[in-house]
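Student: The structure that follows is given in the form of structure tokens.
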Amino acid sequence: MTPPIDRPPEVLAAMQKTLEAAQQLERDARAVVCWLDMEFPGLIVSLELQRHYSCEDDELAHVEPRVTDRVRRHEVREAAERALEALGWCLRPEGRDVYSAFYRSSHLQSAHARLAEADRGRQAVDRRRDDNALPASPKHED
């Protein structure tokens, strides 16, 4: 039997943080795909998220939607990027080697679960839009 690998606590903490980030990405990607499916009915086939092999926990390299209407792919990609950024992910397309994960709106989920995921994506985008809104111009006093 092989003895367990002895790792310092800071390495174990970093490994745990990376694992939690990967699990969060799974949840966020599912929410974004469900939201995109609601925003663009019948258009979304899948969403490919690419990450660099040695990226930070909150970084993505590329977002590539697979759609039924190629002309609208850029529109869908911009919406997906906006949603992922609103959920706390950073896009860093640096040109290094990447690996991909593919996400689809799961019909194995209940309709209620898909709606809840879509709502989480929509709320993140709405919050981001509200945060980026220009403040009202101050009234000039005469």
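Just so it is clear, none of the values below were taken in a lab; they were calculated from the coordinates. Small disclaimer: the values here were computed from a predicted structure and weren't measured. Note that we place each Cβ from the backbone using ideal geometry, even for glycine, and neighbour counts take in every protein chain shown.
Student: Residue pairs, Cβ under 6 Å, 6 or more apart or interchain, first in segment 28-54 and closer than 20 Å to R70 by Cβ, second of a type in the set (S, T, N, Q). List them.
Tutor: V33/S105; D37/S105; L43/T68; E48/S100; Q50/S100
Student: Another one. Considering only segment 7-29, I want to know if a residue exists there that is aliphatic (A, V, I, L, M) and closer than 24 Å to N132 by Cα.
Tutor: yes
Student: Out of E59, E48, report the one residue that is touching a Cys at 6+ places or on another chain (Cβ under 7 Å) and either surrounded by fewer than 19 Cβ atoms within 10 Å (Cβ to Cβ) or acidic (D, E) (or both).
Tutor: When all the criteria are applied, what remains is E59.
Here's the yes/no breakdown for (1) among the charged types (D, E, K, R); (2) touching a helix residue (DSSP H, G or I) at 6+ places or on another chain (Cβ under 8 Å); (3) surrounded by fewer than 18 Cβ atoms within 10 Å (Cβ to Cβ); (4) not in a loop (DSSP other than H, G, I, E, B):
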{"site": "V11", "(1), (2), (3), (4)": "no, no, yes, yes"}
{"site": "E20", "(1), (2), (3), (4)": "yes, no, yes, yes"}
{"site": "E26", "(1), (2), (3), (4)": "yes, no, yes, yes"}
{"site": "R30", "(1), (2), (3), (4)": "yes, yes, no, yes"}
{"site": "D37", "(1), (2), (3), (4)": "yes, yes, no, yes"}
{"site": "G42", "(1), (2), (3), (4)": "no, no, yes, no"}
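Student: Looking only at residues that are among the aliphatic types (A, V, I, L, M), outside any strand (DSSP E or B) and in contact (Cβ under 8 Å) with a residue 24 or more places away in the chain in segment 56-82, which one is farthest from P41 (Cα to Cα)?
Tutor: Checked segment 56-82; the qualifying residue farthest from P41 (Cα to Cα) is A61.
Student: Those residues that are in contact with a helix residue (DSSP H, G or I) (Cβ under 8 Å, 6 or more places away or on another chain) and either buried (at least 17 other Cβ atoms within 10 Å of the Cβ) or free of Cβ contacts under 8 Å to residues at least 12 places away in the same chain (or both), I need them from segment 83-106; list them, please.
Tutor: A83, L84, A86, L87, W89, Y103, S105
Student: Taking V71, is it among the aliphatic types (A, V, I, L, M) and either in contact with a helix residue (DSSP H, G or I) (Cβ under 6 Å, 6 or more places away or on another chain) or buried (at least 16 other Cβ atoms within 10 Å of the Cβ) (or both)?
Tutor: Answer is no for this residue.
Student: Any idea which of H52, H62, H74 is touching a Pro at 6+ places or on another chain (Cβ under 7 Å) and over 16 Å from R122 (Cα atoms)? Break it down stepwise before answering.
Tutor: Details: H52 fails: touching a Pro at 6+ places or on another chain (Cβ under 7 Å); H74 fails: touching a Pro at 6+ places or on another chain (Cβ under 7 Å).
So the residue among H52, H62, H74 that is touching a Pro at 6+ places or on another chain (Cβ under 7 Å) and over 16 Å from R122 (Cα atoms) is H62.
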